[in-house]
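Here is the structure we will look at, set down as structure tokens.
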Amino acid sequence: MDCYSFDRIISDYIDANLNVKLRQEANEHISVCPRCKEKLSDLKSILSELSSLPCRETRPDFESRLMDRINQTKEQKESRFIRVFQDYSRPISVIAAVMLLVATSIFVYTSVVIPNSPGSIPSAEIRSVEPKKSMTMPATTAANVRSTLVSTTNESNHPDTNKVETPNYNKQIMMVNE
Amino acid sequence: MEREKIKYTDEELVKRFQDGDERAYIELVKRYKDRLLNFVYRYLNSFEQSEDVVQDTLMKLYTSAHMYREIAKFSTWIFTIAANLAKSELRRLKRRRVISIHSMGFDDKEYEIPSVDYDPAKETTSNYGEKQIQQAIDTLPDQFKTVIILREVQQLSYEEISQILGISIGTVKSRINRGRLRLQKLLKELKEQ
């Protein structure tokens with residue numbers, strides 16, 4: 001082993017990280033090289049000094065200062081939350097009021113203004129209205145009524161009483177005019 | 001309280017803090033404040049700034065404890081935070097020193113950047129002394145400085161250093177070897193001056 005090789009393994013030599021063969025080679029080199037021997041001894045003493053450097057300690061108020069900082073951060077967070085809430089509380093309440101108003105209007109409109117709207121009125125009620133509708137349909141004018149009567153008496157086959165037929169208005173008008 | 005100190009490991013304390021127990025946080029602060037200070041102090045060579053960095057590190061622990069997962073040792077995690085903050089602070093300090101030197105006039109020829117809080121009373125009675133050793137550490141390139149402090153001052157294992165710095169164990173070994181030799185050379189030069 002030469003000086004350059006010893007320099008490369010000097011840390012491992014100190015930390016006892018070398019295998020038996022390398023350690024033996026290093027020992028042989030130290031025994032014949034006073035420069036490397038001195039270097040090793042000097043480095044060991046430096047490392048020993050480094051590990052025994054006086055320890056610094058934090059000042060006695062270190063913890064209280066730290067806790068003050070933590071509390072300050074907490075307060076800042078809380079005040080930020082309150083500020084955000086204050087900033088947005090007015091628009092939120094306006095939006096809520098508008099939504100409530102719209103919901104109430106929709107409810108009132110569907111239940112009072114449009115009573116026949118789907119879903120709000122039972123289907124049986126619609127059925128009961130239908131016959132009235134069909135009876136009033138032809139009663140538009142006195143002439144129509146008369147013509148209807150004429151056409152029904154002229155017909156040989158009477159329509160089924162349950163069946164409501166739509167009268168042929170054009171034909172009836174022509175007959176009246178004649 | 002004494003029983004609690006023995007009872008809980010660092011990792012258990014973080015877990016308790018994550019679950020909302022603030023006493024666990026205070027216990028972690030007590031355990032780590034001086035260890036972190038010694039690491040950061042050797043790195044920055046300024047007591048005031050080092051204490052600030054340790055405060056920032058422990059603040060980060062308070063606000064980001066939920067980020068800790070028990071895949072790494074707690075000590076490794078907290079030292080990683082401290083190392084990153086110390087690096088940023090050192091960069092900031094260097095910038096400030098460069099600016100202050102540039103702003104000097106021709107009359108201010110003799111300028112020295114003194115260690116503000118150097119205490120001669122604490123000088124070691126050895127070959128080199130704390131002042132010279134600290135001066136040599138300050139002169140080391142950053143990549144060697146960090147590994148030397150973590151290994152020689154904090155006595156951390158190669159594996160822990162590798163995790164803290166996010167580099168391979170091989171790189172850690174190589175940096176430690178080169179860093180030690182560089183430190184030795186610097187100390188020799190300082191002694192000869």
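Please report Rg (one decimal) and Dmax (integer) in Å for the Cα set of segment A:3-51.
Reported Rg and Dmax, both Å: 10.5, 30.
Can you give me the distance in nm between label points at A:ASP7 and B:ASP34, each placed 7 Å from the Cα along the Cα-to-Cβ direction?
4.0
Quick one: net charge around B:ASN127, please, counting Lys, Arg +1 and Asp, Glu -1 for every other residue with C-beta under 9 Å from its C-beta. Working shown, then result.
Values: positive: B:LYS191; negative: A:ASP42, A:GLU49.
Overall, the nearby charge balance is -1.
Using 0.36 nm per residue, how much length does the chain from A:TYR88 to A:VAL32 gain when fully extended, once their Cα-Cα distance is taken away? Kindly include the intermediate steps, with their values, before the conclusion.
On the way: separation 56, 0.36 × 56 = 20.16 nm, distance 8.30 nm.
Length gained between A:TYR88 and A:VAL32: 11.9 nm.
Along each principal axis of its Cα atoms, how long is segment B:1-65 end to end? Whole angstroms, biggest number first, please.
35, 24, 15
Tell me, what ³J(HN,Hα) does each residue in segment A:35-40 have, in order and in whole Hz, if you take phi through Karplus 6.51 cos²θ - 1.76 cosθ + 1.60 with θ = phi - 60° and put x for Gly and Pro?
So the Karplus estimates, Gly and Pro as x, are 4, 5, 5, 5, 4, 5 Hz.
Cα convex hull of segment B:135-193: mean projected area in nm², to one decimal? Numbers along the way, then the final one.
Working: hull surface 14.6 nm².
For segment B:135-193, the mean projected area of the Cα convex hull comes to 3.6 nm².
Am I reading the B/A interface right? What is its buried accessible area, both sides, 1.4 Å probe, to the nearest 100 Å²? Before the final figure, lay out each step's value.
Numbers: alone 12340 and 15620 Å², together 24230 Å².
Roughly 3700 Å².
Which whole number gives the average count of other chain Cβ atoms within 10 Å of the Cβ atoms across peptide B:24-37? Before the final figure, lay out the partial values.
Details: counts 0, 3, 3, 0, 0, 5, 1, 0, 0, 5, 5, 1, 1, 6.
Rounded to a whole number, the mean comes out at 2.
Averaged across the residues of A:37-47, what count of C-beta atoms belonging to other chains lies within 10 Å of each residue's C-beta? List each step's numbers first, then the result.
Values: counts 0, 0, 3, 0, 0, 5, 5, 0, 4, 11, 6.
Taking the mean over all residues of the peptide, I get 3.
Starting from the 7 Å offset along Cα-to-Cβ, what nm value, one decimal, do you get for the label separation of A:GLN72 and B:GLN193?
3.7
Tell me the label-point distance for the pair A:ILE106, B:ILE26, using the 7 Å Cα-to-Cβ offset, in nm and rounded to one decimal.
Distance between label points: 5.5 nm.
Between the DSSP loop rule and a limit of at most 16 other Cβ atoms within 10 Å, which GluC sites (Glu not before Pro) in segment A:1-109 are left?
Values: sites: A:GLU25, A:GLU28, A:GLU38, A:GLU49, A:GLU57, A:GLU63, A:GLU75, A:GLU78; in loops: A:GLU57.
In loop regions of segment A:1-109 (DSSP not H, G, I, E or B), the sparsely surrounded GluC sites (Glu not before Pro) are A:GLU57.
Mind scanning A:LYS77/B:LYS94; B:LYS73/B:LYS188; B:LYS33/B:LYS131; B:LYS87/B:LYS185; B:LYS60/B:LYS185; B:LYS60/B:LYS87 and naming the pairs with a C-alpha gap bigger than 27 Å?
On the way: A:LYS77/B:LYS94 33 Å; B:LYS73/B:LYS188 37 Å; B:LYS33/B:LYS131 23 Å; B:LYS87/B:LYS185 24 Å; B:LYS60/B:LYS185 37 Å; B:LYS60/B:LYS87 16 Å.
With Cα atoms farther than 27 Å apart: A:LYS77/B:LYS94; B:LYS73/B:LYS188; B:LYS60/B:LYS185.
Could you tell me which GluC sites (Glu not before Pro) in segment B:1-82 are loop residues by DSSP with no more than 16 other beta carbons within 10 angstrom of their beta carbon?
On the way: sites: B:GLU2, B:GLU4, B:GLU11, B:GLU12, B:GLU22, B:GLU27, B:GLU48, B:GLU51, B:GLU70; in loops: B:GLU70.
Hits after loop and neighbour filter: B:GLU70.
Enter the mean number of other protein chain beta carbons within 10 Å of the beta carbon of each residue in B:141-151, as an integer. Could you put the intermediate results ahead of the total?
Numbers: counts 0, 0, 0, 0, 0, 0, 0, 2, 1, 0, 5.
Going residue by residue through B:141-151 and averaging, the value is 1.
The values are calculated or read from the model by the stated rules, or taken from the named source; none is laboratory data. Only a predicted model underlies this, so the values are computations on that prediction, with no experimental measurement involved. Positions of Cβ are backbone-derived with ideal geometry, glycine not excepted, and every protein chain shown enters the neighbour counts. Quick note on the areas: whole protein, heavy atoms, side chains included, nothing else; ligands and nucleic acids left out. Shrake-Rupley method; radii C 1.70, N 1.55, O 1.52, S 1.80 Å.
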